[in-house]
Amino acid sequence: MTGPGPGLAGALELIADVPDFPSPGILFKDITPLLADHTALREVVDALAAPARDSGGAPVVDKVLGMESRGFILGAPVALALGVGFVPVRKGGKLPRETFEVSYTLEYGEATLEVHRDALRPGDRVLLVDDVLATGGTARATVDLVEQCGASVHGVAVLMELGFLPGREQLGDLPVTTLLTV
Ligand code: AMP
């Protein structure tokens, strides 16, 4: 049986396109085959962590933030690889203690993201991790949450960017690392 080629390119080949999920016209990027392959997962985690290292390999961030829910799956191992802590950014109403929150507009309706108020300290530098940068609404809202905490975003690292959507424009001058543009 022929598997994916070696390295990051082979890992990214494992992402499956699912047309019309969860609604007609959406091409869903399913990362579960990539997650299920240990070598591919390692390649992707290392590549997402890279922008948060200095030239000697030392981490230049204090925390990794992952956005619910695939940002949890990728962000937690990125944090471990860097040797820093992980902070979940959750959908509204899920976190048990005092939060900061940001509401933003989706194609249909509104969404709210929250982070615990004490998750970051003023002056902390953070890396944001998610699977897909699409419209950029999720990433923008997360940047706003980080700023409410008095912390700053070092960069945004995503597995893939939907190049036909203006996601980056939402993020101003922030460095965005994307392993694949589709
Ligand atoms: P956005 O806020 O529009 O940038 O959307 C980003 C969030 O929606 C990410 O957390 C993704 O997990 C999810 N997402 C958006 N578009 C897709 C897609 N085509 N396939 C899979 N996930 C997507």
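Would a scan of the range 92-109 turn up a residue that is touching a Phe, Trp or Tyr at 6+ places or on another chain (Cβ under 8 Å), of a type in the set (Lys, Arg) and open to solvent by 40 Å² or more (accessible area, probe 1.4 Å)? No: the range 92-109 contains no residue that is touching a Phe, Trp or Tyr at 6+ places or on another chain (Cβ under 8 Å), of a type in the set (Lys, Arg) and open to solvent by 40 Å² or more (accessible area, probe 1.4 Å). The number of residues in the range 52-90 being more than 16 Å from CYS149 (Cβ to Cβ) and either open to solvent by less than 30 Å² (accessible area, probe 1.4 Å) or more than 13 Å from the chain's Cα centre (by Cα) (or both) comes to 18. With respect to being within 16 Å of the ligand (Cβ to nearest atom) and either over 25 Å from HIS154 (Cα atoms) or hydroxyl-bearing (Ser, Thr, Tyr) (or both), LEU12 falls outside the description.
Listed here are the residues, each with its yes/no results for (1) without any contact (Cβ under 8 Å) to a residue 60 or more places away in the chain; (2) closer than 21 Å to LEU133 by Cβ; (3) of a type in the set (Lys, Arg).
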position: LEU8; (1), (2), (3): no, yes, no
position: ASP37; (1), (2), (3): yes, no, no
position: ALA40; (1), (2), (3): yes, yes, no
position: GLY56; (1), (2), (3): yes, no, no
position: VAL64; (1), (2), (3): no, yes, no
position: ILE73; (1), (2), (3): yes, yes, no
position: VAL78; (1), (2), (3): no, yes, no
position: VAL89; (1), (2), (3): yes, yes, no
position: LEU95; (1), (2), (3): yes, no, no
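Each residue in the range 66-107 was checked for being assigned to a loop (DSSP other than H, G, I, E, B), closer than 20 Å to LYS29 by Cα and not acidic (Asp, Glu), and 2 of them qualify.
Quick grid of which residues meet (1) closer than 18 Å to LEU48 by Cα; (2) more than 8 Å from the ligand (Cβ to nearest atom):
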| position | (1), (2) |
| --- | --- |
| GLY150 | no, yes |
| HIS154 | yes, yes |
| GLU161 | yes, yes |
| LEU165 | no, no |
| PRO175 | yes, yes |
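Quick one: is ALA40 open to solvent by 60 Å² or more (accessible area, probe 1.4 Å) and either more than 25 Å from ARG125 (Cα to Cα) or within 16 Å of the ligand (Cβ to nearest atom) (or both)? Taking the combined requirement at face value, the residue does not satisfy it.
Residue count for the range 115-139, restricted to those that are more than 8 Å from the ligand (Cβ to nearest atom) and either surrounded by fewer than 22 Cβ atoms within 10 Å (Cβ to Cβ) or more than 16 Å from GLY66 (Cβ to Cβ) (or both): 8.
If only one of GLY163, GLY150 is touching a Ser or Thr at 6+ places or on another chain (Cβ under 8 Å), open to solvent by 30 Å² or more (accessible area, probe 1.4 Å) and not in a strand (DSSP E or B), which one is it? Selected residue: GLY163, the only one of GLY163, GLY150 that is touching a Ser or Thr at 6+ places or on another chain (Cβ under 8 Å), open to solvent by 30 Å² or more (accessible area, probe 1.4 Å) and not in a strand (DSSP E or B). How many residues does the range 169-182 hold that are closer than 23 Å to ALA11 by Cβ and surrounded by 16 or more Cβ atoms within 10 Å (Cβ to Cβ)? Residues in the range 169-182 being closer than 23 Å to ALA11 by Cβ and surrounded by 16 or more Cβ atoms within 10 Å (Cβ to Cβ): 5 in total.
The values are calculated or read from the model by the stated rules, or taken from the named source; none is laboratory data. Computed from a prediction, not measured in an experiment: that's the story for all the values here. When we count neighbours, we look across all protein chains shown, and the Cβ atoms used for this are built from the backbone with ideal geometry, even at glycine. Side chains included, ligands, DNA and RNA excluded: accessible areas come from the protein's heavy atoms. Shrake-Rupley method; radii C 1.70, N 1.55, O 1.52, S 1.80 Å.
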